[in-house]
Amino acid sequence: MAILDILTYPDSRLREYAEEIDNFSSPELQQLIDDLLETMAALPACVGVAAPQAGYSLRLLVIDCGNGRKPPAQHHGQLVVINPDILHWSGTDIGREGCLSLPDYTGNVVRAQSIRVRFQDRHGQEQTLELEGFEARVMQHEIDHLDGRLFTDRIVSRKTDLFQRKNRL
Ligand code: NI
């Protein structure tokens with residue numbers, strides 16, 4: 001187990017389209033999943049990390065909304081999400097986001113209020129979940145990382161919707 005270093009903007013590896021995973025029995029993959037989980041748990045209020053943020057161009061992310069400062073009433077706890085596909089979006093909601101790869105900023109981002117997402121777990125088993133609110137937002141943010149997208153790409157106005165953090169964690 002290891003806590004991984006997180007790449008920060010403008011590292012070009014954050015801009016790559018990450019690769020699908022097909023070998024679930026690979027010890028390296030299982031180790032990377034454990035390291036991502038350990039990294040998320042070790043960072044204060046961290047609710048998600050995507051593999052590309054640690055320099056691995058793979059369609060893998062972990063989320064845990066229970067690790068946040070104000071955990072939502074309903075969430076699925078720790079999820080290991082591989083090769084995700086959003087099947088359905090509904091509603092829209094604006095909310096404040098931050099990112100380990102952009103440590104100095106937060107921003108107001110419009111996301112779907114609820115989503116249905118299909119993915120494979122760490123053993124390659126297919127799962128489909130309905131996510132809402134904050135957890136749906138976190139999933140959409142992390143899936144963006146797999147496509148080389150950062151939350152600042154989705155901000156409408158840098159003048160009114162991007163904020164410099166006063167206190168670094
Ligand atoms: Ni992020």
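The values are calculated or read from the model by the stated rules, or taken from the named source; none is laboratory data. From a predicted model like this one, the values you see are computed outputs, not experimental measurements. Every residue, glycine among them, receives a Cβ derived from its backbone with ideal geometry; neighbour counts consider all protein chains shown. Areas reflect the complete protein model, heavy atoms only, side chains present, ligands, DNA and RNA absent. Shrake-Rupley method; radii C 1.70, N 1.55, O 1.52, S 1.80 Å.
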Residues (within 16 Å of the ligand (Cβ to nearest atom) and either at pLDDT below 95 or crowded, with 21+ Cβ neighbours inside 10 Å (or both)) located in segment 118-139: Glu135, Ala136, Arg137, Val138, Met139
Condition check for Arg111: within 16 Å of Phe24 (Cβ to Cβ) and modelled with pLDDT of 95 or more: no
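Looking at segment 23-30, can you tell me whether even one residue there is of a type in the set (A, V, I, L, M, F, W, C), open to solvent by 30 Å² or more (accessible area, probe 1.4 Å), on the phi > 0 side of the Ramachandran plot and not in a helix (DSSP H, G or I)?
Checked against the condition, which is being of a type in the set (A, V, I, L, M, F, W, C), open to solvent by 30 Å² or more (accessible area, probe 1.4 Å), on the phi > 0 side of the Ramachandran plot and not in a helix (DSSP H, G or I), segment 23-30 yields no hits at all.
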Of the candidates Val62, Val49, Val81, the one satisfying the condition of being part of a strand (DSSP E or B), open to solvent by less than 10 Å² (accessible area, probe 1.4 Å), over 12 Å from Arg122 (Cβ atoms) and not acidic (Asp, Glu) is Val49
Of all the strands (runs of 3 or more DSSP E) wholly in segment 101-169, which have at least 2 residues that are touching a residue at least 24 places away in the same chain (Cβ under 8 Å) and within 18 Å of Asp85 (Cα to Cα)? 105-120, 126-132
Among the residues of segment 140-155, write down those that are open to solvent by 50 Å² or more (accessible area, probe 1.4 Å) and of a type outside the set (Lys, Arg). Asp153
If we keep just the residues of segment 31-46 that are closer than 12 Å to Arg122 by Cβ and open to solvent by 20 Å² or more (accessible area, probe 1.4 Å), which is farthest from the ligand (Cβ to nearest atom)? Gln31
